[in-house]
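Notes follow the structure.
Nothing in this text is a laboratory measurement; each read-out follows from the coordinates by a stated rule. Note that the structure is a prediction, hence the values are computed from the model and not measured. All Cβ positions, even for glycine, are placed from backbone atoms using ideal geometry, and neighbour counts span all protein chains on display.
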Amino acid sequence: MFFSVLKTQWQNAKENAKKAFCLFGTKDGFTIVVQVVGLLNCRFGTENKSWLIFNPTILNVASVTPWSAPIIWEGTFDPILIDSIYKQQNLTIATTVFALGKYTRFVKDFLESAEQHYFVGFRVHYYLFTDQPESVPEVKMGENRSLTVRKVQSFKRWQDISMSRMEQLEKLIENELASEADYIFCLDIDTKFYGRWGVESLGRLVGVIHPWLFDAPRNRFTYERRPESQAYIPAGEGDYYYAGAAFGGSLEDVHHLTKTCREKLHIDAANSIEAVWQEESHLNKYFLLNKPSKLLSPEYMWRDINESAAQIKVIRFSNVAKNYAEVRPNP
């Protein structure tokens, strides 16, 4: 009923659409951008109810893609409202992380910070893949929060660890998650949450804009440029550069993503080619051909909590400082 009301009133409003953006609900969540002009607040309602969906804020960043997918920044959503709507759906969010070798040292901070900031008040099931289950620390989980630890093989190269993730994720979705979760996010473990990451991030297919390249011109994007690779993106093409450290969406869409990337990685391997940034290169090629329905700003995958940028008002999730030469198994 709620969504049908929104659809009807959106149709009445869109004749005036020109400038300010708001998000309106569909059965998949807040994934469609509606443009509304001349209103201080974008409201939809019935005779006795009114919902403030978006209070337009003057942003110095783009809040929508060329294909009309929303880009989520601080100021583009009402957290109280959007939580109240999604809580009616009784959702479960699966979340995967990989901690192999010395990367197990990051598990405690990741999980403890996630319990404070990540989908708070919603059902979350973490899946931790590691070659050292005995090294996983005990972290107290909140209500409706759980952790499953899965043992996987060790690798001598960090590049192989990176490339193996797509296959593990594909199998997890196929074999277990169909009846266990509604959405999935795949995150790096050497990270920490510092602010809200909530249901505003949910969508059919979700990419995160890379924190080092979000304000760079396209000719600086570090796409795979060799035509021999399945991840090849020619010069002059590309929309955004996406971080491999965080992506997600519906089970169906993420399964298709991981299956496609796994197949492309195997083709490259058979041809003795390794894309410049391994799975991240293939992820960027996939998102070029299969546009995300929602983008998350670099607030959702920042460089370092101690670094700042004028466009970043809130750091929600960030890499943690580390000596890569010390924690990785190879250069």
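Which value, in Å to one decimal place, does the Kirkwood hydrodynamic radius take for the stretch 90-186 when every pair of different Cα atoms is included?
Working: mean 1/r = 0.0716 Å⁻¹.
Hydrodynamic radius (Kirkwood, Cα only) of the stretch 90-186 equals 14.0 Å.
For the pairs LYS151/LYS294; LYS151/LYS322; LYS171/LYS294, note any where the Cα-Cα span goes beyond 28 Å.
Values: LYS151/LYS294 32 Å; LYS151/LYS322 24 Å; LYS171/LYS294 24 Å.
Going by Cα-Cα distance, LYS151/LYS294 fall outside the 28 Å limit.
Taking amide H positions as placed in the peptide plane 1.01 Å from N, state which residues far from PHE247 in sequence (5 or more) or on other chains have amide H under 5 Å from it.
Amide H neighbours of PHE247: CYS186.
Please give the residues of the stretch 91-114, grouped as numeric ranges, whose backbone N is less than 20 Å from a label point set 7 Å along the Cα-to-Cβ vector of ASN323.
100-107
Given 37 °C and 0.692 mPa s, how large is the Stokes-Einstein diffusion coefficient of the stretch 71-327 in µm²/s, with Rh as the Kirkwood radius over Cα pairs? Numbers along the way, then the final one.
Working: Rh = 18.7 Å.
Reported coefficient: 176 µm²/s.
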